[in-house]
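S.K.: Starting off with a structure, shown below.
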Amino acid sequence: MKREAIVRDNLYVPAKRPRVNASNGLKWRRVMDRVAEKLILFFALIAISIIFLIFVYIAREAFPLITQSPEGISLSSPFTAPFVWQPVSGVPKYNVVPLILGTFKVTLIAMLIATPLALLAALYTAEFAPPSLREWIKPTIELLAGIPSVVIGFFVLIVIASWVQSVFGFEFRLNAVTAGIGLSLAIIPVIYTITEDALTAVPNHYREASLALGASKAQTAMRVILPAASPGIGAAMILGFGRAIGETMIVLMVSGNAAMLTLDPAVPVRTLAATIAAELGEVVFGSGHYRILFFLGTLLFLITSALNWAGDRVNRRLRSRLFGSPA
Amino acid sequence: MTTKYYFVSTLAVLLLFGCAQPPSERQAVTVKGSDTMVLLGQRWAEIYMKDHPNATIQVTGGGSGTGIAALINGSTQICQASRPMKAEEKASVKQQRNADAVEIPVALDALAVYLNKQNPLQHLSMEQVGRIFRGEVKNWKEIGGPDATIVLYGRENSSGTYVFFKEHVLANADFAQNYQGLPGTAAVTNAVAKDVNGIGYGGIGYATEIKTIGISKDATGEPVAPSMENVYSNAYPLSRQLFWYTAGTPTGAAKDLVDWVLGPDGQKIVSDVGYYPLKNSKQTP
């Protein structure tokens, strides 16, 4: 089978470096190899340092909250009562708890919708669909990832929002559920693609062994292939979560942007990302509001980094449990 | 060696070209700020550029606050604002740009209260609107409407309209917790048009697909419609001026544009877009 050949290819290690006369040309090639390697390393380091510098810059803009507390705002004020976000007010109130709650509420709803859909779609394309259909389904779902989020936002605002309201009888037309549906459209392709890759990467002898023991195709898919691909599926979900938590345009357009401290999914919701997008354009440089918005950015950055890190740990552990050695 | 000469000569040619085209030939003016006024500004720019082929006018929105911030840090020549500049903002302009902020009223607007077309209410008092948006009145039946929860829509807090409404209607109190801030007045009218129980606010120039209602100054007063006569006579309680701000008296291309906007051609566009021309303008309504 094709898949086995790939596995064997990976395991193939040349016994010894082939001996060649150390001619001038070969030396030159080695030098070039070395240069290319360093060049690639250099670019990789640039990418890493850019991410690091972005974090440093954002955190630096928020830092005076600790050292100077501009306008009497310190690092503790985003967490003290009242739990209200009213930055333009006689007494500005910058409590971020409703924003954090709102962010997680919307993201969770999006994950609850997107994960089963993407997972089942991936399972179907990887295990059941005839090749001709698979070649057609996969690019189509991946095409969804190419739709600009403002277009998704507009579509949800005009079409989905009214539909959701009339089906569920919500009081508010723009609410966390509608925003979650919008977000799920953005993350379905992310979760789908990576899951599908993980499923196809499961070695074929797993399938053969399972079928040989008398398991049906469905049993094989659900009980053998799905668990074997679980590290990859976990990675897919984490990437989807990260995309959803930072998505701005869709939530800004369809969530209603009201900062309310409630777990009710049927009411408007305001997220961290949408708050930054809506308010950063207007704030006075260096003011307390400005610092708070950068603090929100730092928070968002930390949340996604922590999630990615935790996801990576889980992924490794699963992988080593399943395959014996860390990948 | 030849490459070096080639390089030098290219540079020289580029330099020559750069000098040969004096910057005054193309007159670029940037206009930035209020979302309430972005439609108006764009229409002005369109017609002005048609009449003045040498001029380039760039109009962007973002909210009055955004425009004022841009005027302060010098990234726009003209700032559109749907609220007067605050004293500290004027001070910032003076400090950063080394020139006084010049205030030019360019049009009049009735800040309208929008209701869905199916809403039976025809008018509200200032006090009622304030109580609705402060969250003290939660159901339409409390003010004589159907038994349904009131859904509040409005602008995000970077908007001049938001600040104006907060000052004049809410008496500077905070908006209700479930107040929904939407990006742009068009989003507000769209939301109210689709929501039977919705209420929103915004410039009269955007009032399509929804209905605007009469507002009375107090509970016993006569409701006043947001019409041109009522804005001119100042009878409508939410009449306001729309402004352009410049750092220092406008000169050159910006001055030409300001003069044209204040003249009959510019003021005619004001009424075309749905706002009200200045009272003393030569254009007769």
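Laboratory data are not the source of any read-out in this text; all were calculated from the coordinates shown. The shown structure was predicted, so the numbers you read here are calculated from the model rather than taken from an experiment. Please note: Cβ atoms are built from the backbone with ideal geometry, for glycine as well, and neighbour counts cover all protein chains shown.
S.K.: Give the long-range amide H neighbours of A:N257: residues separated by 5 or more places, or on another chain, with amide H under 5 Å away, using H modelled in the peptide plane at 1.01 Å from N.
M.R.: Result for A:N257 returns A:V269.
S.K.: Say a site is exposed when it is one of the chymotrypsin sites (Phe, Trp or Tyr not before Pro), sits in a DSSP loop, and has at most 12 other Cβ atoms within 10 Å; what is then the longest site-free stretch of chain A?
M.R.: Longest stretch, sites excluded: A:13-284.
S.K.: Quick one: net charge of A:F172's neighbours, Cβ under 11 Å, K/R +1, D/E -1?
M.R.: Residues near A:F172 contribute -2 overall.
S.K.: List the pairs from B:K194/B:K217; B:K117/B:K255; A:K105/B:K194; B:K141/B:K194 whose alpha-carbon separation is above 32 Å, in the order I gave them.
M.R.: In this structure, B:K117/B:K255 exceed 32 Å between Cα atoms.
S.K.: Taking amide H atoms as placed 1.01 Å from N in the peptide plane, list the residues 5 or more away in sequence, or in a different chain, whose amide H sits under 5 Å from that of B:D35.
M.R.: Here the answer is B:G62, B:G63, B:S64, B:G160, since their amide H atoms fall under 5 Å of that of B:D35.
S.K.: About the Cα centre of the protein assembly as shown, how large is the charge dipole given +1 on each Lys and Arg Cβ and -1 on each Asp and Glu Cβ? Please answer in debye to the nearest 20.
M.R.: The calculated dipole for the protein assembly as shown is roughly 2700 debye.
S.K.: So, in nm, how far is label A:I46 from label B:A91 when the simple model puts each one 7 Å beyond its Cα toward the Cβ?
M.R.: Placing both labels 7 Å along Cα→Cβ, they lie 4.5 nm apart.
S.K.: For the stretch B:219-285, run through the trypsin sites (Lys or Arg not before Pro) and keep only the ones in DSSP coil with at most 11 other Cβ atoms within 10 Å of their Cβ.
M.R.: Those satisfying the criteria are B:K282.
S.K.: What relative contact order, as a whole-number percentage, does chain B give when Cα pairs under 8 Å and 6 or more residues apart are counted?
M.R.: Computed value for chain B: 24 percent relative contact order.
S.K.: Over all directions, the average projected area of the alpha-carbon convex hull for chain A comes to how many nm²?
M.R.: Average projection, Cα convex hull of chain A: 24.4 nm².
S.K.: What percent do you get for the relative contact order of the stretch B:211-285 when only Cα pairs under 8 Å and 6+ apart count?
M.R.: 17 percent
S.K.: Contour minus end-to-end for A:S320 and A:A215, with contour as 0.36 nm per residue of separation and end-to-end as the Cα-Cα distance?
M.R.: Extra length available between A:S320 and A:A215 comes to 35.2 nm.
S.K.: Check B:Y114: other-chain or 5+ apart residues with amide H under 5 Å from its amide H, H built from backbone geometry?
M.R.: B:G200, B:Y201, B:G202
S.K.: To the nearest 0.05, how large is the calculated FRET efficiency for B:K138 and A:S76 if R₀ is 41 Å and r is the Cβ-Cβ distance?
M.R.: Approximately 0.80, to the nearest 0.05.
S.K.: Please report the net charge: other residues with Cβ closer than 9 Å to the Cβ of A:F294, K and R +1, D and E -1.
M.R.: Once positives and negatives cancel, what remains is +1.
S.K.: Kindly express, to the nearest 10 degrees and within the range 0 to 90, the angle between helix A:97-123's C-alpha long axis and the longest C-alpha principal axis of chain A.
M.R.: Tilt relative to chain A: about 30 degrees.
S.K.: What list of ³J(HN,Hα) couplings, whole Hz, do you get for the stretch A:47-59 from phi and the Karplus terms 6.51, -1.76, 1.60, once you set θ to phi - 60° and write x for glycine and proline?
M.R.: Using θ = phi - 60°, the values come out as 4, 5, 5, 4, 4, 4, 5, 4, 4, 4, 5, 4, 5 Hz.
S.K.: Using the charge dipole of the protein assembly as shown (Lys, Arg: +1 at Cβ; Asp, Glu: -1 at Cβ; taken about the Cα centre), state which of A:I113, A:L226, B:C79 has its Cα farthest towards the positive end.
M.R.: Result: A:L226, furthest along the dipole toward the positive end.
S.K.: At what distance in nm do the modelled label points of A:L39 and A:L307 sit from each other, each positioned 7 Å from its Cα along Cα→Cβ?
M.R.: 3.8 nm
S.K.: If I fit a long axis through the Cα atoms of helix A:288-323 and take the longest principal axis of the Cα atoms of chain A, what angle between them do I get, 0 to 90°, rounded to 10?
M.R.: Long axis of A:288-323 versus the principal axis of chain A: about 30 degrees.
S.K.: Taking a cut-off of 20 Å between Cα atoms, list the lysines near B:K279, but don't count ones fewer than 8 places away on the same chain.
M.R.: Within the straight-line cut-off, B:K279 pairs with B:K268.
S.K.: Taking the Cα atoms only, what angle lies between the long axis of helix A:2-11 and the longest principal axis of chain A, rounded to 10 degrees?
M.R.: Roughly 90 degrees between the two axes.
S.K.: I need the phi-derived Karplus couplings for the stretch B:41-55: 6.51 cos²θ - 1.76 cosθ + 1.60, θ = phi - 60°, integer Hz, Gly and Pro marked x.
M.R.: x, 5, 5, 4, 4, 4, 5, 4, 5, 5, 7, 10, x, 7, 8
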